[in-house]
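Okay, so here's the structure we're looking at.
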Amino acid sequence: MTAANENTYALGHDDPELARLEHQARMLAPATEAILRLAGLRPGMRVLDLGTGPGDVALAAAGIVGDAGEVVGIDQEEKALALARRRAADRGLRNVAFERGDVRDWRAAGRFDAVVGRLILLYCPDVPAVIRHHLEALEPGGVYVAMEYDMTATRAEPACPAFARAVGWVVEGFRRGGMDPALGLRLGPVLRAAGLDPTVLGLQIYVSQQDGARALAGIVSTLLPLIEKTGTATAEEVDIATLPDRLMAELAAADAVPIYPTLVGAWASRP
């Protein structure tokens, strides 16, 4: 699995992964909307959402820009796009559309007031080049918004050994797979390398024990082929069938609070 080098989404788009993404999106929703609003999204804007997946960020942006605005979400996976279209239709949204496109080279017919992307740069081999490419789609003064995780901030308080071990599998699996699990904390330098002068803000998310155990077990399950291939851990060590229950039991016994990866937002106006 060489997702970073081949610019493919490392986690796939099968039904369990789409369900995991929806669960993740619910936990990220308040922080995502806060970052979009702080970055300057407002009614009437035309917004491009990169790597839209099931459409969560696009739908959040659509709610901000309103009927006078427009949101276009792009993704390579038709299955994810079909889900995004259904969700927009279920909400009666007419100001959002979804198109198939590769974030490396997709070009819009017109310009946008904002380009946004959440948890997409991690899978791009040349991040500054991707950013510079999409700056061309921005109106002068338009805003570029990136959101990425600092996965190294994930933990339970008080510390829980099994939880920490599972976090280590995820962090090391991404790292050995050629991706940066701490990309969020490096967004400032990354955007500056693309010629921008960003504001950078990290939002820490605290979740229930149930959500924490489910989220961590879910990403370990999805990432397991990469974890095994890179020698990070064996399937026997992970024991994915019992992992959710083991994590939940440990968190409950310690009365611990799961601390989700920090969602870092960075934004800047096109010069």
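The values are calculated or read from the model by the stated rules, or taken from the named source; none is laboratory data. Given the structure is predicted, the values throughout are model-derived calculations rather than measurements. Cβ atoms come from the backbone with ideal geometry, glycine included; neighbour counts cover every protein chain shown. The area values use the complete protein model at the heavy-atom level, side chains included, leaving out ligands, DNA and RNA. Shrake-Rupley method; radii C 1.70, N 1.55, O 1.52, S 1.80 Å.
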In Å², nearest 10: area of ARG246 left accessible to a 1.4 Å probe:
80 Å²
Radius of gyration and maximum dimension Dmax of the stretch 91-198, Cα, Å:
17.0, 52
Beyond 35 Å, how much of the Cα-Cα pair distribution for the chain remains, as a whole percent?
14 percent
Taking only protein heavy atoms into account and a 1.4 Å probe, give the accessible area per residue of the chain in Å².
42 Å²
The Rg/Rh figure for the stretch 112-271, Cα atoms and Kirkwood Rh, to two decimals is 1.05
Compute the long axis of helix 161-176 from its Cα atoms, compare it with the longest principal axis of the Cα atoms of the chain, and write down the angle in degrees, 0 to 90, nearest 10.
50 degrees
Evaluated at 20 °C with a viscosity of 1.002 mPa s, what Stokes-Einstein diffusion coefficient in µm²/s does the stretch 78-124 have when Rh comes from the Kirkwood expression over alpha-carbon pairs?
169 µm²/s
Counting DSSP beta bridges in the chain, what percent are antiparallel, to the nearest 5?
45 percent
What number, rounded to the nearest 500 deg cm²/dmol, is the helix-based mean residue ellipticity at 222 nm of the chain, given -39500 (n - 2.57) per DSSP H run of at least four residues and division by all its residues?
-14000 deg cm²/dmol
Between the stretch 88-121 and the stretch 29-57, what is the separation of their alpha carbon centroids in Å?
10 Å
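Rank-order 64-77, 143-156 by packing density, defined as the average count of other C-beta atoms within 10 Å over each peptide's residues, highest first. Present the calculation step by step, with values, prior to reporting the outcome.
Values: 64-77: 20.1, 143-156: 23.1.
Going by the mean number of other Cβ atoms within 10 Å, highest first, we get 143-156, 64-77.
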Compute the relative contact order of the chain as a whole-number percentage, counting only Cα pairs closer than 8 Å that sit 6 or more residues apart in sequence.
22 percent
According to a simple spin-label model (label point 7 Å from Cα along Cα-to-Cβ), what is the distance in nm between ARG107 and LEU201?
3.5 nm
Springs between alpha-carbon pairs under 10 angstrom, Gaussian network model over the chain: which of VAL130, VAL57, VAL96 fluctuates most?
VAL130
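In whole Å, what three semi-axes, largest first, describe the equivalent ellipsoid of the stretch 23-141 built from its Cα gyration tensor (square root of 5 times each eigenvalue)?
The answer is 19, 17, 15 Å, longest axis first.
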